[in-house]
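Please read the structure below before turning to the comments.
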Amino acid sequence: MHLLQCECVMSEIVDNILKTSGRIDLDAQSRAKIIRYLETLKSAGNRDEKQLTTFGLAYLEQLLNPDPRYSGC
């Protein structure tokens, strides 16, 4: 897939994640974290858009509501 097409698909996945979660107003830094996370999953071979969306939603939930058991404190 061409790089530009890949970026568009990734952007669509993130937009879908934000719409589904009701967090369209999410700040740019958090959006960038989600993109990096999804790119990591894709580089590991996961290319299914539905699955990436599901993982992205779970990741967003952890960004917004971190589990204190895993805070490092």
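The values are calculated or read from the model by the stated rules, or taken from the named source; none is laboratory data. Quick caveat: nothing in here was measured; it's all calculated off a predicted structure. Heads up: the accessible areas ignore ligands, DNA and RNA and are worked out on the full protein's heavy atoms, side chains in. Shrake-Rupley method; radii C 1.70, N 1.55, O 1.52, S 1.80 Å.
Brief remarks on what is shown
- Anisotropy class of the stretch 7-73 from Cα gyration tensor, a/c 1.5 cut: oblate
- Helix-only CD estimate at 222 nm, as mean residue ellipticity for the chain, using -39500 (n - 2.57) per DSSP H run (n ≥ 4): -23500 deg cm²/dmol
- Crossing angle, helix 3-21 versus the chain [Cα axis fit, 0-90 degrees, rounded to tens]: 40 degrees
- Å² of accessible area per residue within the chain, as computed with a 1.4 Å probe and no ligands counted: 72 Å²
- Rounded to the nearest 10 degrees, the inclination of helix 49-64 to the longest alpha-carbon principal axis of the chain is 30 degrees.
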